[in-house]
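Trainee: Before I ask anything, here is the structure I am working with.
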Amino acid sequence: MANNVKQERMALNGDEAAAYAAKQSEVDVVAAYPITPQTIIVEKFSEYVADGEVNTEFVCTESEHSALTACIAASSTGARTFTASASAGLALMHEMLFVASGCRTPIVMAIANRALSAPLNIHGDHSDSMAQRDSGWIQIYVENAQEAYDSIIQAFRIAENSKVLLPVIVGLDGFTLSHTLENVNGLPDDAVKQFVGTRQLTTVTTHEGKTVPFKLDPANPMTIGPIALQNYYFEFKRQQEEGMKNALTVIQQVHDEYAALSGRSYGNGLIEEYQLEDAEVATICAGSTAGTMKTVVDELRQEGVKAGLLKLRTFRPFPVEAVRNALKNVKAVAVMDKSMSFGGNGGAVFHEVRHAMYDAATHPLIVDYIYGLGGRDLNPKEFRRVYDDVHRMLHAGRVDKLVHFLGLRE
């Protein structure tokens with residue numbers, strides 16, 4: 001894809017890449033509380049503020065709950081707002097996550113995905129953000145530091161789109177990405193500034209009959225997030241669902257526009273297909289695991305195995321049609337879940353994929369592999385075993401065991 005913008009190659013870990021992207025996006029307010037493994041994000045951004053590199057109000061709060069509350073207030077006044085969290089911090093925000101989406105505040109939040117206690121574990125899995133999948137936030141998962149940088153920039157355009165107006169989580173695997181140094185190509189400041197633009201506010205009609213920007217403004221009083229009982233609440237929630245539905249198209253449009261600028265693309269912005277054209281067996285995963293899986297697929301292809309990978313970049317809104325189309329010719333699929341849904345007969349991604357395929361014209365055999373909880377490391381040989389298992393399942397023509405635990409001592 002054409003790219004006429006000169007870019008700077010930097011050595012950044014995933015957290016630094018997220019902070020740098022937020023810096024270039026000219027954020028008005030950052031309110032945050034540090035928690036491992038995202039601390040580097042807000043520490044780095046605080047350095048930008050202290051050094052005068054950004055014109056941003058940095059609010060140090062006493063908790064993550066307060067941090068998101070401050071972000072909601074700032075975003076409601078029309079400010080471009082950013083924060084970051086992980087694990088127990090995200091869990092502490094739980095109440096305010098629903099408030100943020102319900103008030104249609106387009107906050108962008110980087111999540112350095114980390115396991116939840118107990119027992120205490122500071123390493124990376126997807127338990128934290130998957131637990132918030134129904135909070136009304138768009139969720140994007142990235143494969144590497146470069147994608148973290150690119151996705152944060154895109155997230156502001158997505159969230160602030162008048163047809164969406166929903167907050168966005170960008171998830172990067174804790175320690176695996178957050179603390180690993182990688183080459184990141186950064187766009188010039190002016191290119192990012194032009195791409196992101198200034199936040200454009202939609203207009204509403206006030207109780208005085210005025211048509212004004214949708215924000216808290218003493219000159220044009222309005223209430224955001226008021227009480228709404230039986231006669232109105234349902235309609236608010238339905239409108240949020242419309243925003244999610246619209247986001248499917250907006251995410252792709254923003255992704256394609258960014259790809260034209262940067263020369264980098266991630267499938268269609270919703271999913272990325274890898275060697276799926278003629279694949280008989282495939283895996284589906286989100287996050288950094290996709291990079292390892294691509295290597296495994298390459299090895300299998302050299303041996304004549306028709307293997308493929310579907311990388312799920314956008315989990316909310318779930319891209320049902322894109323997933324169906326990508327898997328239409330695949331005969332057997334293993335879904336990789338880096339979190340558990342206790343008592344749910346499989347993980348969150350497995351549930352969504354199996355549900356999406358239920359009404360599809362073709363039905364591949366589908367199994368679930370739960371892996372990597374608490375940051376447990378797996379090597380390519382173990383991931384290759386998943387393909388071997390799925391291949392055996394294909395030849396048997398049936399699923400003997402629906403849910404597997406990969407790399408577990410039992």
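The values are calculated or read from the model by the stated rules, or taken from the named source; none is laboratory data. Given the structure is predicted, the values throughout are model-derived calculations rather than measurements. Heads up, the Cβs are rebuilt from the backbone with ideal geometry, glycines too, and the neighbour counts pull from every protein chain shown.
Trainee: Taking interchain pairs and intrachain pairs at least six residues apart, which have beta carbon atoms under 6 angstrom, with the first residue in the range 73-96 and within 30 Å of Val204 (Cβ to Cβ) and the second surrounded by fewer than 21 Cβ atoms within 10 Å (Cβ to Cβ) and of a type in the set (Ser, Thr, Tyr)?
Mentor: As it stands, the answer is Met96/Thr69, since those pairs meet every condition given.
Trainee: Another question, then. Only one residue in Asp28, Asp15 is touching a residue at least 12 places away in the same chain (Cβ under 8 Å) and under 18 Å from Gly171 (Cβ atoms), so which one is that? It would help to see each step written out before you state the result.
Mentor: Details: Asp28 fails: under 18 Å from Gly171 (Cβ atoms).
The match here is Asp15.
Trainee: Restricting the range 215-270 to residues that are within 26 Å of Ile140 (Cα to Cα) and among the aromatic types (Phe, Trp, Tyr), which is surrounded by the fewest Cβ atoms within 10 Å (Cβ to Cβ)?
Mentor: Here the answer is Phe236.
Trainee: Of the residues Ala322, Ala259, which single one is under 29 Å from Pro188 (Cα atoms), outside any loop (DSSP other than H, G, I, E, B) and of a type in the set (Gly, Ala, Ser)? Walk me through it before giving the result.
Mentor: Numbers: Ala322 fails: under 29 Å from Pro188 (Cα atoms).
When all the criteria are applied, what remains is Ala259.
Trainee: Still on this model: Only one of these conditions is not met by Ala91: (1) part of a strand (DSSP E or B); (2) among the small types (Gly, Ala, Ser); (3) surrounded by fewer than 20 Cβ atoms within 10 Å (Cβ to Cβ). Which number is it?
Mentor: With respect to (1) part of a strand (DSSP E or B); (2) among the small types (Gly, Ala, Ser); (3) surrounded by fewer than 20 Cβ atoms within 10 Å (Cβ to Cβ), Ala91 is out only on (1).
Trainee: Still on this structure, I have one more. Determine, yes or no, whether Ile122 is touching a residue at least 24 places away in the same chain (Cβ under 8 Å), among the β-branched types (Val, Ile, Thr), within 13 Å of Leu373 (Cα to Cα) and not assigned by TED's automatic domain parsing to the domain that holds Leu378. So that I can check it myself, show each step before the final result.
Mentor: On the way: touching a residue at least 24 places away in the same chain (Cβ under 8 Å): yes; among the β-branched types (Val, Ile, Thr): yes; within 13 Å of Leu373 (Cα to Cα): yes; not assigned by TED's automatic domain parsing to the domain that holds Leu378: yes.
Yes; evaluated as a whole, the condition is true for this residue.
Trainee: Enumerate the strands (runs of 3 or more DSSP E) found wholly within the range 120-205, keeping only those where 1 or more residues are out of contact with any Ser or Thr (no Cβ under 9 Å at 6 or more places or on another chain), modelled with pLDDT of 95 or more and surrounded by fewer than 20 Cβ atoms within 10 Å (Cβ to Cβ). Even if it seems obvious, please write down each step before you answer.
Mentor: On the way: elements: 138-141, 168-173, 182-186, 203-205.
Passing ranges, in order: 182-186.
Trainee: Here's another thing I want to ask about it. Determine whether Met222 is part of a loop (DSSP other than H, G, I, E, B) and either at pLDDT 95 or above or over 17 Å from the mean Cα position of the chain (by Cα) (or both).
Mentor: yes
Trainee: While we're looking at this one, here's another question. Which residues, counting only those in the range 365-404, are buried (at least 20 other Cβ atoms within 10 Å of the Cβ) and within 16 Å of Ala282 (Cα to Cα)?
Mentor: Listed by number, the residues that qualify are Ile366, Val367, Asp368, Tyr369, Ile370, Phe383, Val386, Tyr387, Val390, Met393.
Trainee: Taking the condition touching a His at 6+ places or on another chain (Cβ under 7 Å) and within 24 Å of Arg114 (Cα to Cα), does Gly375 pass?
Mentor: Here the answer is yes, as Gly375 does meet what is asked.
Trainee: Related question: Give me the strands (runs of 3 or more DSSP E) completely within the range 5-84, filtered to those with at least 1 residues that are in the same structural domain as Ala110 (by TED's automatic domain parsing), crowded, with 18+ Cβ neighbours inside 10 Å and in contact with a Cys (Cβ under 6 Å, 6 or more places away or on another chain), ordered by residue number. Break it down stepwise before answering.
Mentor: Values: elements: 8-12, 29-32, 57-60.
Where strands (runs of 3 or more DSSP E) fall fully within the range 5-84 and carry at least 1 residues being in the same structural domain as Ala110 (by TED's automatic domain parsing), crowded, with 18+ Cβ neighbours inside 10 Å and in contact with a Cys (Cβ under 6 Å, 6 or more places away or on another chain), they are 29-32.
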